[in-house]
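FYI, it's all coordinate maths here, none of it is from the lab. This is a predicted model, so every value here is computed, not measured. Here the Cβ is made from the backbone with ideal geometry for all residues, glycine too, and neighbour counts use every protein chain on show.
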Amino acid sequence: MITLSNSRSLDTDTSGDTIQELLEKGGHEVRARKVLPDNLKILQTALRGLLKNKKVQAIITTGGTGLSPTDVTIEAVRPMLDKELAGFNSLFMQLSYPQVKSAAMLSRALAGTMNGRVIFCLPGSPRACKLAMEALILPELGHVRMLLESR
């Protein structure tokens, strides 16, 4: 799990806390957790490192998906994907609309596969992370992992 932020640390990473708590509550183990600055090359290097660890079966990032010049998560991750799960962002925007109204269209959430692992890139908001985890990621994570293991 990676949080991208120029202003957060592990102590102040409430979105990361939310994701970790929900994963563990769902019976999943968080094998690595990092807070990194919003930097494309640093994120890609960290992802390559996680992909070398055979015990890491899924990666979730939070932050860096917005529109500011420092938000580079999508630009870092998309070229590394083997396959993109385009429906993830569409469903996330639909689910977000009742909470944030038209701001839902600003979502640049992303999901796909990378080296036989699934990756989900979520916004930095704890509420958005909770929504994505409970409504989309946790219900399908086991299924996605099973599909990737059968390749």
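Placing +1 on the Cβ of every Lys and Arg and -1 on the Cβ of every Asp and Glu, with nothing else charged, gives the chain a dipole about its Cα centre of roughly 380 debye.
Could you tell me whether region 111-151 comes out rounded, prolate or oblate from its Cα gyration tensor? Rule is a ≥ b ≥ c as square roots of the eigenvalues, rounded for a/c under 1.5, then prolate if a/b exceeds b/c, otherwise oblate. Please report the intermediate quantities before stating the final value.
Details: a/c = 4.94, a/b = 1.87, b/c = 2.64.
Because a/c hits 1.5 or more and a/b fails to exceed b/c, region 111-151 counts as oblate.
The residue list SER15, GLY142, LEU50 was ranked by how far each Cα lies along the charge dipole of the chain toward its positive end, using unit charges on Cβ atoms, and LEU50 comes out on top. By the rule of a C-alpha distance below 23 Å, with chain neighbours fewer than 8 residues away ignored, the lysines paired with LYS54 are LYS25, LYS34, LYS41, LYS83. Which aspartates and glutamates have a Cα less than 20 Å from the Cα of LYS130, not counting those fewer than 8 places away in the same chain? Qualifying aspartates and glutamates at Cα under 20 Å: ASP11, ASP13, ASP17, GLU21, GLU24, GLU29, GLU140. Quick check for you: which residues of region 1-43 have the amide N under 12 Å from the point 7 Å beyond the Cα of ASN53 toward its beta carbon? Within reach of a label on ASN53: 1-2, 29-35.
How would you classify region 2-149 from its alpha-carbon gyration tensor, with a ≥ b ≥ c the square roots of the eigenvalues: rounded for a/c under 1.5, else prolate if a/b is greater than b/c, otherwise oblate? Present the calculation step by step, with values, prior to reporting the outcome.
Working: a/c = 1.26, a/b = 1.10, b/c = 1.15.
Rounded is the answer for region 2-149, as its axis ratio a/c remains below 1.5.
Write out the chymotrypsin sites (Phe, Trp or Tyr not before Pro) in region 41-136 meeting two conditions: DSSP loop, and at most 16 other Cβ atoms within 10 Å of their Cβ.
Values: sites: PHE88, PHE92, PHE120; in loops: none.
Of the chymotrypsin sites (Phe, Trp or Tyr not before Pro), not one in the loops of region 41-136 has a Cβ with at most 16 other Cβ atoms within 10 Å.
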